[in-house]
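For reference, the structure is listed below as structure tokens.
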Amino acid sequence: MLTLTILAGLAAGPVHAADACDALTARVIRDTGASLAGRAGPYAVFRAEDAERMSLDCRAPARITVASRDREPPRAYFILVGRAARALAGADAAAAEVLTLNLHQASLLAQAPRRGSSGPALMLCETGSRTDALRDDLTVCRVAPRTKLARTRRAG
């Protein structure tokens with residue numbers, strides 16, 4: 001009996017993970033207006049009018065990548081990233097959009113990736129040439145849920 005209980009628990013792990021990823025994929029579609037282009041294991045790829053690429057990696061911590069071939073994408077790209085932050089982490093979409101715009105501008109000026117957070121969402125935006133699978137994309141923003149709250153230390 002104990003063996004059956006253990007085997008049932010092991011089998012439920014991947015099923016539960018798939019159900020969670022299905023639910024997250026559905027939330028991303030609902031909140032962003034993107035459509036599902038494909039899904040394999042913990043990965044989902046979307047078609048979004050305002051981005052060249054948009055993907056979800058459900059492995060913990062889950063993350064969404066939104067990419068554009070434009071060095072300076074139109075405003076709709078930043079709105080999409082804000083909505084993705086709401087879908088993934090429950091962030092305020094408008095606040096996440098503003099943060100994305102600021103991170104993008106800072107990345108352009110510094111010629112380096114820039115990180116920030118908007119409520120429960122952590123974000124990273126980078127611009128410029130790449131050497132990875134997103135090499136054709138000049139703007140890439142990633143969103144992940146905040147897993148731990150940072151503690152503020154006081155001097156003294």
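Figures for the structure shown
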| read-out | value |
| --- | --- |
| Per-residue HN-Hα couplings for region 109-124 [Karplus 6.51, -1.76, 1.60; θ = phi - 60°; Hz; x = Gly/Pro] | 5, 8, 6, 7, x, 10, 10, x, 9, 10, x, x, 10, 9, 9, 9 |
| Segment A76-L109, extension gain: residue separation times 0.36 nm, minus the distance between their alpha carbons | 9.8 nm |
| Förster-model FRET efficiency, 35 Å R0, A23 and A94, C-beta, rounded to 0.05 | 0.90 |
| Potential extension, N102-R69 segment - 0.36 nm per residue separation minus Cα distance | 10.0 nm |
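None of the figures in this text is laboratory data; all of them are computed from the coordinates on show. Not measured: the values here are computed from a predicted model. We place every Cβ from the backbone using ideal geometry, glycine too, and count neighbours over all the protein chains shown.
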